[in-house]
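Inspection log for the structure reproduced underneath, given as structure tokens.
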Amino acid sequence: MAQKKKLFSRKKKKRKAKCMAKNKLHKNMELLGTILFLALAVAVFKNVWNMSQGNPNPNLSYLSETESEGKKILPAEDGECGRPEITQDYIVINPYSRSGIALKKVKGIVVHYVSNPKSTAQENRDYFENLKDTHTTKASSHFIIGLEGEIIQCIPLSEISYASNDRNSDTISIECCHENADGKFNKKTYASLVQLTAWLCKSYGLDSSDVIRHYDVTGKMCPLYYVKHEDAWKKILKKIQNKLDTY
């Protein structure tokens, strides 16, 4: 009789232990679920906040690349507003051409011309790089488009460039190479400018009215040909908007 009581007591303890283990597991699962829910809620809130502040979608990791060592080629994407091929060749952080200051909002895109006929995108990129040594001025641009339509990115899109004066803090800058002193872009440079600008507009929720010239910021004759020929500038904006309307 005593042996049966001991056996019953052992079984009762085992059942109790199993029950306690199940309860503990259930509580742990509830805690994990709560943590995951809170993490998701924070991520959603952060995304909504970024968008309300005019920031790029944080999921677009290619828009906030911050690596600075060596070149990196971003392949072209399909679509009317797909990304063109871009060579990231960042200049080093320095007080004269890459401050490292965060670009917190993007409200526009500013188009420039290099004002140095027949110079290449790489030569202009290297000029920006060398300002850390020459200290002659403060200048840079996020992108430079060359005579063959090649695109070099000099500054991460998470940082400001020294290109557009009072609009450095809320714009992306694009410098364009040109063959002649009149500043007119050739067909390859022109096509890359339209594609790059359309992609940036799509990525940041902008339209063609947010694409401006350096001239529109300071009155400087830049980009020269497209300040002197207003119709030519309007044609660029129309091509950009056509892409945005059809993607």
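Worth pointing out:
- Filter result (touching a residue at least 12 places away in the same chain (Cβ under 8 Å), in a helix (DSSP H, G or I) and open to solvent by 40 Å² or more (accessible area, probe 1.4 Å)) within the stretch 179-194: K188, Y190, A191
- Among the conditions (1) without any contact (Cβ under 8 Å) to a residue 12 or more places away in the chain; (2) touching a Ser or Thr at 6+ places or on another chain (Cβ under 6 Å), the only one that V217 does not satisfy is (1).
- Lone qualifier among I151, I86, I91, I101 - being touching a strand residue (DSSP E or B) at 6+ places or on another chain (Cβ under 8 Å) and closer than 23 Å to V227 by Cβ: I151
- Taken as a whole, the stretch 154-168 holds no residue that is over 13 Å from the mean Cα position of the chain (by Cα), open to solvent by less than 30 Å² (accessible area, probe 1.4 Å), touching a residue at least 24 places away in the same chain (Cβ under 8 Å) and within 23 Å of G79 (Cβ to Cβ).
- Residues in the stretch 85-133 that are acidic (D, E) and either open to solvent by 20 Å² or more (accessible area, probe 1.4 Å) or under 24 Å from G219 (Cα atoms) (or both): E85, E123, D126, E129, D133.
- Checking each residue in the stretch 195-228 for being within 17 Å of the chain's Cα centre (by Cα) and either open to solvent by 10 Å² or more (accessible area, probe 1.4 Å) or farther than 26 Å from E148 by Cβ (or both) picks out Q195, K202, S203, Y204, G205, L206, D207, D210.
- Some residue of the stretch 233-242 being within 18 Å of G146 (Cα to Cα) and exposed (fewer than 14 other Cβ atoms within 10 Å of the Cβ): no
The values are calculated or read from the model by the stated rules, or taken from the named source; none is laboratory data. Keep in mind that this is a model prediction, so the values were computed, not measured. Positions of Cβ are backbone-derived with ideal geometry, glycine not excepted, and every protein chain shown enters the neighbour counts. Note: accessible area is taken over every heavy atom of the protein model, side chains too, but ligands, DNA and RNA are not part of it. Shrake-Rupley method; radii C 1.70, N 1.55, O 1.52, S 1.80 Å.
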